[in-house]
1. What's the center-to-center distance, using Cα atoms, between the stretch B:195-259 and the stretch A:46-105 in Å?
2. Give me the percent relative contact order of the stretch B:245-284, please, defined on Cα pairs under 8 angstrom at least 6 residues apart.
3. Taking a ≥ b ≥ c as the square roots of the Cα gyration tensor eigenvalues, with a/c under 1.5 meaning rounded and otherwise prolate when a/b beats b/c, else oblate, which class fits chain A?
4. Apply the Kirkwood formula to the stretch A:1-105: the hydrodynamic radius equals the inverse of the mean of 1/r over all pairs of different alpha-carbon atoms; give it in Å with one decimal.
5. If you take every residue apart from A:HIS179 with its C-beta less than 13 Å away from the C-beta of A:HIS179, what net charge results, scoring Lys and Arg +1 and Asp and Glu -1?
6. Kindly report the accessible area of the stretch B:236-290 per residue (heavy atoms of protein chains, probe 1.4 Å, no ligands, DNA or RNA), in Å².
7. Which whole-number percentage describes the relative contact order of chain B, with Cα contacts under 8 Å and a sequence gap of 6 or more?
8. What residues of the stretch B:99-127 lose no less than 10 Å² of accessible area with every protein chain in place versus their chain by itself (probe 1.4 Å, heavy atoms only)?
Amino acid sequence: MSKTSNLRPEAWDVNKRLAELALKREILLDAVRRGSDALANCTPNHPISYGGSAFWAETICGAAELLAPSGWRRIDPSGQPLLINAKGNLAFTVSTGDENTGKLDSLVDPYTKYPKGPITINEVKANSGWLFPELEEDERARLECLKYDFWILLAHRDDVSGVVRCEFSRPVDMDKQGHIRDWSERIILGEIPFHKGGYERKPEDGGGDAPQKSGEIIVQIKRRA
Amino acid sequence: MLNRFNKVFNPRRFAFARRRRGYTKTALAQKLRIDLRTAVAYEAGEYLPSEEILESAALILKFPRDFFCGEELDEPSPEIVSFRALTKMTAKQREMAVTQGALAMHFAKWLEKRFELPGNSLPDLSREANPEIAAESLRQAWGLGQLPIRNVLHLLEAQGVRVFSLAIDAREVDAFSVWQGDVPFVFLNGNKSSEHSRFDAAHELGHLVLHKHGGPRGRKAELEANSFASAFLMPRGSVLAYPPRFPTIQELCRLKKVWTVSVSALAYRLHELRLLSDWHYRRLCIEMSKRGFRHNEPDEAPRETSLILPQLLNSLYQDDGMTRSAIAADLGISLHELESLVFSFVLTTIDEGRHEDNGLVTTSPLLRRIK
């Protein structure tokens with residue numbers, strides 16, 4: 001797919017647009033940090049798929065806790081975890097994106113890493129204003145998701161550069177397998193280092209410095225005026 | 001008290017320089033060919049040394065002559081400094097270490113005036129009775145979870161600890177740490193293996209967070225700092241995920257690379273977590289002693305270098321044209337003294353208008369130019 005024309009990479013524009021949505025960039029990134037911290041607590045003794053689940057679950061929980069003072073609520077319509085604003089007209093969930101997530105120089109928009117279930121499919125189609133005959137028997141669910149605009153906090157962990165790239169985007173289409181691939185608006189939140197000094201290391205990695213950047217620390221120091 | 005250049009002679013600076021070089025008053029008097037009573041009187045501020053004596057003292061003590069004329073330097077109080085092997089240290093070694101600490105603080109203050117350095121983010125864990133839990137708490141606070149630490153030196157610097165090199169060629173002086181107001185300092189002996197140096201840094205971090213307000217001293221405090229360092233570098237969950245397949249030195253050499261620790265530190269931790277039986281641990285200790293692993297680490301990891309100091313020195317050179325000699329002169333110390341504070345951690349040297357690389361390491365690509 002081609003890139004969305006409604007891409008917001010500039011900090012001033014990101015902050016302005018998020019303010020219109022009653023959100024703040026730092027809060028969304030802090031929620032992702034909580035997910036990253038949860039991932040750092042996983043060891044090889046945990047089931048291999050648990051790290052991704054822990055990251056996802058703690059990011060949702062973090063967003064709920066950080067946004068609660070602003071009137072946002074956690075709801076689970078039909079088992080899908082959502083954050084919904086005080087007016088009830090905007091909701092978002094957290095999802096893992098592919099390597100194009102949060103990237104400005106990519107020629108294509110990001111995909112969600114995993115295919116989505118029927119609730120998300122409903123929400124995406126409601127966003128696009130389409131009607132879906134095959135879903136009309138589930139009238140209640142369809143009407144429910146028409147009440148709010150649906151967004152996704154999309155995060156991608158880049159092991160090579162040691163960061164999690166994030167964006168807050170409004171989905172409007174998906175492929176046949178259910179991966180979201182098209183967005184009407186993408187607000188680029190930027191990246192956070194994951195693990196902040198720690199890195200994944202196995203005995204078979206051997207000695208020497210790790211090739212990946214995970215756990216490398218960057219300190220920006222300014223001159224005093 | 002003025003000398004012929006109208007600079008105020010500071011007797012305390014004179015005494016400081018003597019202590020820094022590990023001279024007794026008697027030894028310095030002999031070197032200067034003066035009697036002891038005169039040397040004592042200089043330090044008491046009763047007599048003003050002649051210009052010739054000052055010149056000789058500067059040569060012997062390896063300080064610029066004007067060093068004796070500066071303001072009094074803040075010194076870490078010996079009571080609040082955490083020395084790891086205090087009982088094994090001589091008074092001379094303690095004096096040399098404390099005075100080097102004072103010069104590092106002098107340098108740090110000089111840098112603080114020019115740069116916004118990372119602020120201290122060390123929590124006060126002095127109420128936590130269990131060092132293992134304190135280490136776990138700090139890991140959670142810093143988002144490290146159960147992960148091995150990539151670079152302990154960088155981590156400490158990023159969390160606001162000022163890390164300097166300890167240039168004392170004595171095994172008894174491993175490392176020490178001290179709080180100066182709200183700024184934590186750690187001094188590390190550069191003559192040790194990377195693995196031992198990382199453990200020393202974690203040990204000193206333990207003192208800084210566990211014993212900020214004094215607390216236990218001596219052996220108890222050292223054992224607590226050791227337990228903290230062990231748990232901080234080798235978190236329980238992470239170690240339990242890689243139990244040794246066989247209780248052999250070869251297996252420990254393979255596993256130690258996960259956490260970049262020494263074989264002996266790993267053996268201790270494995271035994272503590274009951275992944276090694278008492279019998280196996282004893283056998284491994286005997287084997288490590290036989291092979292000399294206590295002092296010569298096998299298959300040593302690359303040495304950690306400073307994240308911040310090269311940035312600062314590069315910025316001073318590129319933006320202000322300040323070489324290390326110029327910085328040392330501004331601080332009123334010798335270039336050698338300045339180098340001794342940073343030598344272990346800064347491998348790219350800039351001096352006298354030349355930019356040298358000693359060929360050991362390249363500058364990290366993540367070092368960014370200071371704005």
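1. 36
2. Values: 22 pairs, mean separation 15.7, N = 40.
Computed value for the stretch B:245-284: 39 percent relative contact order.
3. On the way: a/c = 1.76, a/b = 1.52, b/c = 1.16.
Taking the square roots of the gyration eigenvalues as a ≥ b ≥ c, chain A is prolate.
4. Numbers: mean 1/r = 0.0653 Å⁻¹.
Value: 15.3 Å, from the Cα pair sum.
5. Working: positive: A:LYS113, A:LYS116, A:LYS176, A:ARG181; negative: A:ASP98, A:ASP109, A:ASP173, A:ASP175, A:ASP182.
Combined, the nearby Lys, Arg, Asp and Glu give -1.
6. Details: 2730 Å² over 55 residues.
For the stretch B:236-290, the per-residue accessible area is 50 Å².
7. Working: 498 pairs, mean separation 56.8, N = 371.
Rounded, it is 15 percent for chain B.
8. B:GLU112, B:LYS113, B:ARG114, B:PHE115, B:GLU116, B:PRO118
The values are calculated or read from the model by the stated rules, or taken from the named source; none is laboratory data. Note that the coordinates shown come from a computational prediction; the quantities given were computed from them, not determined experimentally. Note that we place each Cβ from the backbone using ideal geometry, even for glycine, and neighbour counts take in every protein chain shown. Side chains are part of the model used for accessible areas, which takes the heavy atoms of the whole protein and leaves out ligands, DNA and RNA. Shrake-Rupley method; radii C 1.70, N 1.55, O 1.52, S 1.80 Å.
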